[in-house]
2 protein chains.
Amino acid sequence: MRYWWGWGHVEDAVTGAERAALIDRVAGLLPGADLTGHEPPEVGDLDVRPPRVTAPPSLAALCSDDPADRLGHARGKAFRDVVRNLLGELGEVPDLVVRPGTESDVVDVLDWCAGAGIALIPYGGGSSVVGGVEPRGGGPAISLDLGRLADVVEIDTTARAARVQAGVYGPALEDHLRPRGLTLRHFPQSFEFSTLGGWLATRSGGHYATVLTHIDDMVEALRVVTPAGVSESLRLPGSGAGPSPDRLFLGSEGTLGIITEAWMRLQQRPRWRAGASVLFTANDDAVDATRALAQSGLNPANCRLLDPMEALLNAGTDSPGGVLVLGFESADHPVDALLDRALELCRDHGGRPQPRAKRDASDTWRAAFLRMPYQRDALAAHGMIVETFETACTWGAFPALREAVLAAARRAMDEAGAQGVVTCRFTHVYPDGPAPYFGVYASGRWGSTVAQWDEIKTAVSDALSAHRATITHHHAVGRDHRPWYDRQRPAPFAAALRAVKSTLDPAGILNPGVLIDPS
Amino acid sequence: MRYWWGWGHVEDAVTGAERAALIDRVAGLLPGADLTGHEPPEVGDLDVRPPRVTAPPSLAALCSDDPADRLGHARGKAFRDVVRNLLGELGEVPDLVVRPGTESDVVDVLDWCAGAGIALIPYGGGSSVVGGVEPRGGGPAISLDLGRLADVVEIDTTARAARVQAGVYGPALEDHLRPRGLTLRHFPQSFEFSTLGGWLATRSGGHYATVLTHIDDMVEALRVVTPAGVSESLRLPGSGAGPSPDRLFLGSEGTLGIITEAWMRLQQRPRWRAGASVLFTANDDAVDATRALAQSGLNPANCRLLDPMEALLNAGTDSPGGVLVLGFESADHPVDALLDRALELCRDHGGRPQPRAKRDASDTWRAAFLRMPYQRDALAAHGMIVETFETACTWGAFPALREAVLAAARRAMDEAGAQGVVTCRFTHVYPDGPAPYFGVYASGRWGSTVAQWDEIKTAVSDALSAHRATITHHHAVGRDHRPWYDRQRPAPFAAALRAVKSTLDPAGILNPGVLIDPS
């Protein structure tokens, strides 16, 4: 059973002894924190306003007006979403949840909404952390849940590609592919609770640290329903015929059309693996080693540099220069030689590869990685501010950016009266720069933690913007990143995007408030 | 000295003994061919119409009305361009060649053209083979030659990236980078006679057979002058903030703006190399071996499968199943183990790796590759039809596509009264499919060879279209591929592109006729 107010499955929540240990650990780290626990409200006690719209009879069977269902679709899963739910602060709730069973249902729903001026918010797994699925326009709105479009329609084993409907969740997709020995191998942290369509619409980042980082390059062809017609691109391994049509819809976050299916490039399941953890005395050396690796052409599948605080909190490792978690994999050939060369590069930069133990930093970190959202929710219910933000920049820009971001976060925490720590890791690395990912763990004042977080977020986002780093590497723009995204994108591109929006969605019904405003 | 009528440098032309040997070879292959030689006209004898426009005094110094200069900018370097030049068929010639020295000159020229309704055709190296630089609208037109914007402005050795102006030719760019041990390593066949700006505007394909095939992935940031303002994207190694702004301009072929500079991702120069040629008895086995390689994750830098006719004509190798030319390279580590595994995969599919000789099929082929355009021109002057076309498709679609294309080409040659052969090679390979590249060598009737070629081209393009293959993998769309591109692109995307065009280029002056028509 999915939580309506927080992350994941009810049965996986942090409870009992795990919660007590977690709170103890935080109390040790932040001795002044008020860690009183708070319970979520009962859904039945919340005053959810009746729907303001009625679907035409032909669509009525697709619609749900159930308050709990609508509440579950009212927000994503950011810290600020979870806390507002815990506080029973409803905000806007979609008038209906609509679940199309076919692409032609999608067309019909679009027609209805365009004609009636109803905002239509596409919904995959609802794991947005940027306000991407939340109605904020004040007017009538529906949540278009694509969860019934969940088939793997065709598998082409020769080209290793599959035609997949947008509403397929990560685990179901892999279940479909496993019997053929194939895999998409796109594992964002939200994997269990997000869909292919959501990944495509938001340019999701998976677990590959190099090369196949974003979902973009795994797309062979897209099918998108727009109010101006259905867009279907050809299945092409590569093309140079004009600007890529797919790249216009990738990252469009439901503002230009509804992605209903895609041909996705697959791989054989890996047979060979090799991995290691490397400790460093100085974090600058660790960054240099990671850069050398990113520029080596070795293309590790995993190359995650945890700074000392991240290593301590989430990998159980005390290392003054941080820990680099490295992994190689292949379906075709052994990868030990690649790991050996990678470790040689690390040693050249002062790294100390750790003897492979039964359970080392990388295992600890992976386990922690999947528990993080659950722990975040538990801590949020105990008055903590726990949230992340992420970016990308060039290697040369990173040291000053890190300093500026940490300084801004600390200053903002001070001003907000929050005591805490900021961690940093690289989730992905490129030859020309890393994708740094920051975590904030701070004590808050129950009832004010969203406002406190918003102050911190504004400060760090301003720092990113000032250093010409992206406002998001893989969390998308949604509604929450708009002020910084608007500054970041080139003005002529913004004008182009508005023109595209006016052409494909003339009624302006598609996910209003996200990415662009109507012209 | 560059030829005005054909490919490359005058001093590198096929003359004397080389030309005699080439013609002898063709006579042996096509015994019925009329191989009489024809000379190009003298430029001075051609009746080039005086310019119909006069630049404002502030721009006069940038403008050339020299007839030879304008003739040299009137067309690209396709077979049909060269033959029309040889015949002295002028067609439309730009009224002026304009050479901006700064970005602000570019802005001023755009302003002038937008105000005066003059078509502005961006010109890099002029190596288009799709009518991309040729005025066809009937009205006044200028050729904007970016050759003076030829600086490498900045090199960031930490991120391994350089800020490069659009007018830099391939060799000059590598000359700039070599002293720093860096390289772009983007070597299209036109390398010597094409520019960075041209590569970016047309999504050029380089020599890498896998991964970094198109220029697209080497772009860190773009600067584009549009009539609606300058678009500058941030230097980002990766981003998920909305649809990629750069991907809208990559492949826009001068219709949305003038790319003036780009931050390009570089690499260290390779230190380790390993290569081999592999012979096959059956071409189907060779295709399967190439697919296995493309899906192996070994990522060869070179992986060119030549069919038996291509192997015979251009690699001097008689092999009934064709030849696979394989190469690996790295700046960081030895690559022999990768080659060994690749050869093992080839043997699994019946391939016979050749002992590495002093000069083998791959050397012969590489030398032939660079001579091809010169030989094409020589043969064109002797009444031959010599041209190429290329595409991409999935692995499963390839066998039927090849049959259909070869059948269409042969039927069209028959109907056009041309006797000849069609070759096929893979220039690039992807996990999900190859990029097949076809060559036509046929006897023609002097004076009619353009019309004969146009019939053949129409037939093979229709075959590509019927098989849902792309009309171009890396030659771009230009004016010549329009009918098939218009069918290929999704209708909502075409509408979106027209909307972008209207917004960024409201006067419709930028490369009219290419990619899209004004709405």
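Quick note: the coordinates plus some simple rules give every number you see, no bench work behind them. Just so you know, these numbers come straight off a predicted model, no measurement behind them. Methodologically, a virtual Cβ is constructed for each residue, glycine included, from the backbone with ideal geometry; neighbour enumeration extends over all protein chains shown.
The base-10 log of I(q)/I(0) for chain B, evaluated at q = 0.09, 0.13 Å⁻¹, reads -0.65, -1.41 [Debye formula, identical scatterers on Cα atoms, solvent excluded]. For segment B:272-358, the fraction of alpha-carbon pairs lying more than 21 Å apart is 23 percent, rounded to a whole number. Inter-copy label distances at A:D363, using a point 7 Å along Cα-to-Cβ, come to 5.4 nm with the shortest given first.
Couplings 3J(HN,Hα) of segment A:136-152, computed from phi: 9, x, x, x, x, 8, 10, 9, 8, 8, 8, x, 8, 8, 10, 9, 8 Hz, in residue order, whole Hz [Karplus 6.51 cos²θ - 1.76 cosθ + 1.60, θ = phi - 60°; x for Gly and Pro]. Taking every DSSP bridge with both residues inside segment A:10-145, close to 20 percent are antiparallel. Sites listed here are GluC sites (Glu not before Pro) in segment B:69-126 whose DSSP assignment is loop and whose Cβ has at most 13 other Cβ atoms within 10 Å: B:E89.
Here the residues B:W395, B:W4, ranked from fewest to most Cβ neighbours within 10 Å of their Cβ, fall in the order B:W4, B:W395. Spherically averaged projected area of the convex hull of Cα atoms, segment B:10-145: 10.1 nm². Legend: mean number of C-beta atoms from other chains within 10 angstrom of residue C-beta atoms, peptide B:496-509, equals 5. Kirkwood analysis of the Cα pair distances in segment B:106-205 returns a hydrodynamic radius of 14.8 Å. Volume per residue for segment A:230-389 equals 191 cubic angstrom (convex hull of Cα atoms). For segment A:209-288, the calculated P(r) over all alpha carbon pairs, in 5 Å bins from 0 to the bin holding the longest distance, is 3, 11, 17, 17, 13, 8, 8, 9, 8, 4, 1, 0 percent. Once the C-beta distance of A:A60 and B:D348 is scaled by a Förster radius of 60 Å, the resulting FRET efficiency is 0.55 to the nearest 0.05. Taking the charge dipole of segment B:312-357 about its Cα centre, with +1 at Lys and Arg Cβ atoms and -1 at Asp and Glu Cβ atoms, the residue from B:L343, B:F328, B:G316 reaching farthest to the positive side is B:G316.
Scanning residues 5 or more positions from A:A397 or on other chains, none has an amide H under 5 Å from its amide H, with H placed 1.01 Å from N in the peptide plane. Taken one residue at a time, the phi angles of segment A:391-396 give Karplus couplings (6.51, -1.76, 1.60, θ = phi - 60°) of 7, 8, 7, 6, 4, x Hz. Gly and Pro are set to x.
Per-residue extension of 0.36 nm, minus the Cα-Cα distance of B:A282 and B:E415, leaves a gain of 44.9 nm for this segment.
Remark: label point of A:G229 defined 7 Å out from Cα along the Cα-Cβ vector; separations to the same position in other copies 3.1 nm, ascending. At the listed q of 0.04, 0.07 Å⁻¹, the Debye profile of the protein assembly as shown, built from one uniform point per Cα, gives log10 I(q)/I(0) equal to -0.21, -0.63. For segment A:56-135, taking Cα atoms only, Rg and Dmax work out to 13.4, 39 Å respectively.
Using alpha carbon coordinates only, what is the Rg to Rh ratio of segment A:326-461, with Rh defined as the Kirkwood radius?
1.05
In the assembly of identical copies, B:H38 has its label point, taken 7 Å from Cα in the direction of the beta carbon, separated from the corresponding points by 8.5 nm (ascending, one decimal).
If we count every other residue with Cβ under 11 angstrom of B:F328's Cβ, Lys/Arg +1 and Asp/Glu -1, where does the sum land? So the surrounding residues net to -1. Taken over segment B:18-93, the ratio of Cα radius of gyration to 2.2 N^0.38 Å equals 1.58.
Normalise the Cα radius of gyration of segment B:413-453 by 2.2 N^0.38 Å (N = residues in it) and let me know the number. Present the calculation step by step, with values, prior to reporting the outcome.
Working: Rg = 14.0 Å, N = 41, 2.2 N^0.38 = 9.0 Å.
Normalised Cα radius of gyration, segment B:413-453: 1.56.
Peptide A:428-440 has a mean shielding of 4, counted as Cβ atoms of other protein chains within 10 Å of each residue's Cβ. By the Cα gyration tensor, segment A:390-508 has an equivalent ellipsoid whose semi-axes, rounded to whole angstrom, run 28, 20, 11 from largest to smallest. Convex hull of alpha carbon positions in segment B:158-261: directionally averaged projected area 6.9 nm². Net charge in the neighbourhood of B:A342 (other residues with Cβ under 12 Å of its Cβ; Lys, Arg +1, Asp, Glu -1) is -3. Mean separation of Cα pairs under 8 Å and 6+ residues apart, divided by the residue count of segment B:104-232: what relative contact order is that in percent? So the answer I get is 20 percent. Ranked by how many other Cβ atoms sit within 10 Å of their own Cβ, fewest first, the residues B:H176, B:H428 fall in the order B:H176, B:H428.
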